[in-house]
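The values are calculated or read from the model by the stated rules, or taken from the named source; none is laboratory data. Note that the structure is predicted; figures quoted are calculated from it, not measured. Because the Cβ atoms are built from the backbone with ideal geometry, glycine has one as well, and the counts that use them run over all protein chains shown. Areas reflect the complete protein model, heavy atoms only, side chains present, ligands, DNA and RNA absent. Shrake-Rupley method; radii C 1.70, N 1.55, O 1.52, S 1.80 Å.
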Amino acid sequence: MANPRTVVTSAPSLPGCSSSAFMPPPPSPSDGELLRSLHRLARDMSSVAETPAPFPRAALASISWRSKLLAAAFDDLVMCTAAGDLPRSASLCLREVLLVLQRLKALAADCAARSRMRLLLQSDEIEEEVRELQQDMATLLDLLPVVELGLAEDVIDLLALASRQCRRFAPAAEAEQALKARVLSLLQEIEREIVPEREMLEQILEEVGINDPASCSGEIESLEREIGDRASERWTAAMIALVGLLRYARCVLFSATPRTSDSKPNPEVDEDGEPPAPLLDFRCPISLDLMRDPVVIASGQTYDRESINRWFDSGKSTCPKTGQVLANLELVPNKALKNLIAKWCRENGVAMEGNEASKIEPVQAVAANKAALEAARMTASFLVKKLSISFSPDAANRVVHEIGQFSKSGSDSRAVVGEAGAVLLLVPMLYSEDAGLQLNAVTVLLNLSILEANKKRIMHAEGAVEAVAHIMSSGATWRAKENAAAAVLSLASVHTYRRRLGRNTSIVEKLVHLVRTGPTSTKKGALAALLSLAGERENVGKLVDAGVAEVAVSAISEEETAAAVLAALAKRGGAEAIANIGGAVARLVAEMRRGTEWARENATTALVLLCRRLGAQAVTQVMAVPGVEWAIWELMGTGTERARRKAASLGRICRRWAAASAADDGDRGNGCPAASVVPPAMMAS
């Protein structure tokens, strides 16, 4: 018999509460309440067998059988002792029984929420935990002073039977043990690069209870969440490998199909030509993926935490978007944007993980997991081979959709899809007359381009750049055109490719056309691509010739990126072209007052550069704009640190111009009219 002292348990502490914090103990329930709780809990536990967790079936079912006996005994116990209090020894013993039942119920509930594969892997551990708890229950039932309670013989017999049943524990089911061994053996074969037989894979998944696309996807999501939560350190490697295996199975056994909307002629555009949600605002400028944990860096720009951490970890200390050298590498959570993204995800049925660790941990661990990596390679090889033999647009669209879903799962998936030769097969599909296939193909190409190695594959694939330009001009949907522009932005992040794309007249012209004619999100994406191309000095002349300065000026009040494009052009040789555009300086001044923080900063930067590059020609235009001095003064007090510095520089330029004008034109008395309204704070700066 177990030592009774080992049975004593304590109530679990509340989440988030320190054990050292003073909390008054909860009031102890009366004996009547105790008996009613026991009866109710045992009755609830007796229904566990009706909806059991898949593994271990026998152990979890035994909880239900024992609970039925206890429910019957407690039913009589409640009636027998309704008149008075319980003997102290009986009361203490039954309170421990209640705690054991609560732990059994929590264990059963936890098992019901776990992934099937994790349950199978942990079946031995779960069985051992159930066995220990039932042994504790048997000990407590043996210690219960049934004579002092004055129980009827049939109730005493029920309690004795329950005690014997709790001590009798059947060995683990051989079928479950054999299934677990087959799953682990399958992972070892995959690690040795042996492709699993379709029939065997199908049989194993059927025994586990995964027999359709929905259950397969649900199992993948559950496993990824549990890996991120570090639910089982012992089985983490196997769980990561199983995620890869299940993705392979989803493609081989349960081919995914594109949403109905994906194959409609114009799925994402409403009657006004606008996409239903501003997805581009929610994408990380580095990865182009939906931001799960947006953070603000020292330049004021927002990135996804995972992406910007990788940027900093690579040794860079600049802002990826603006090129500004950062004063520090601190990350500040952008809670407002995160709430907006979460709201958009809820409204559009997009999954958004609440725990960032759940998103990152599995992805980082795949590279070190041989079985998971081989499963990913097998999946990519299968999909690319399937795409190569798809002879109809409908069949090709289904496979491209599958490749897109798979490549979204992480950088390793993107890598193996690129290695398998997907890029060469996707390029011709950008010319497809099928709107759904065209959209899916360019979206997958964009997704693949996030990876450095795939950028090279795309840039060196024959006709790939031309095909992207074709989508921007003749794409069937605005979303396809937007994704093509985003692909240019992604490819242009590499210095060499930025030069090559900037020399491509067709690419530049198509981007300019999108800024002129596209809806808001498309215009934003095209401007972002042009901003990247403008980062290369030798591109600026071609950008100016293509009309980039004009479209940026025309968009300056609508898109904050437009001011950044003008600042980039002015910095690298396009200052005169900007100054020659009628109203350009006035619009920059207006943006300096009414734009977003980033737009105000860039508008001021552009004005400073114009003045420095062109001298009096530009300064005269700046000072001719009514209220420019107050705009400078305002920005010096309310702008970002960089904006205040630029505003101070512009203020000094204006003061010098005013002083020079006064000296050259002494007969005007106090100098030029513009200088006479310079605010005192600005004059003192």
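A few notes on this one:
- Pairs of alpha carbons in the range 120-181 whose separation is greater than 13 Å (percent): 67
- Orientation-averaged projection of the range 382-442 equals 3.6 nm² [convex hull of Cα atoms, one quarter of hull surface area].
- Computed with a 1.4 Å probe over protein heavy atoms only, the accessible area of Glu591 comes to about 20 Å².
- Rg to Rh quotient for the range 35-153, alpha carbon positions, Kirkwood Rh: 1.03
- Probe 1.4 Å - accessible area at Lys510, Å² to nearest ten: 50
- Once both labels are positioned 7 Å from their Cα atoms along Cα-to-Cβ, the gap between Ser30 and Glu128 label points is 4.4 nm.
- Packing-based ranking, highest mean first, of 175-181, 565-571 given that Cβ atoms within 10 Å are counted: 565-571, 175-181
- Summed side-chain charge close to Glu641 - residues other than Glu641 whose Cβ falls under 11 Å, Lys, Arg +1, Asp, Glu -1: +2
- Intensity falloff of the range 198-243 expressed as log10 I(q)/I(0), Debye formula with alpha-carbon point scatterers, at q = 0.16, 0.26, 0.30 Å⁻¹: -0.47, -0.95, -1.05
- Among the trypsin sites (Lys or Arg not before Pro) in the range 220-256, those located in a DSSP loop and surrounded by at most 13 other Cβ atoms within 10 Å of their own Cβ are Arg230, Arg234.
- Backbone geometry of the range 588-599 corresponds, through the Karplus equation with coefficients 6.51, -1.76 and 1.60 at θ = phi - 60°, to 3J(HN,Hα) couplings of 5, 5, 4, 5, 5, 9, 10, x, 5, 4, 5, 5 Hz, x marking Gly and Pro.
- Each residue of the range 475-485 was assigned a 3J(HN,Hα) from its phi angle through the Karplus curve 6.51 cos²θ - 1.76 cosθ + 1.60 (θ = phi - 60°); the sequence is x, 6, 9, 5, 5, 5, 5, 4, 5, 5, 5 Hz, with glycine and proline shown as x.
- Evaluated at q = 0.12, 0.18 Å⁻¹: base-10 log I(q)/I(0), Debye formula over Cα of the range 431-516: -0.30, -0.69
- ³J(HN,Hα) computed for each position of the range 103-116 - Karplus, 6.51 cos²θ - 1.76 cosθ + 1.60, integer Hz, glycine/proline x: 5, 5, 5, 5, 5, 5, 5, 5, 5, 5, 8, 6, 5, 5
- Neighbour cut-off at most 15 other Cβ (10 Å), DSSP loop, GluC sites (Glu not before Pro), the range 416-501: Glu433, Glu462
- For Asn339 and Phe391, a Förster radius of 45 Å and the Cβ-Cβ distance give a FRET efficiency of 0.45, rounded to the nearest 0.05.
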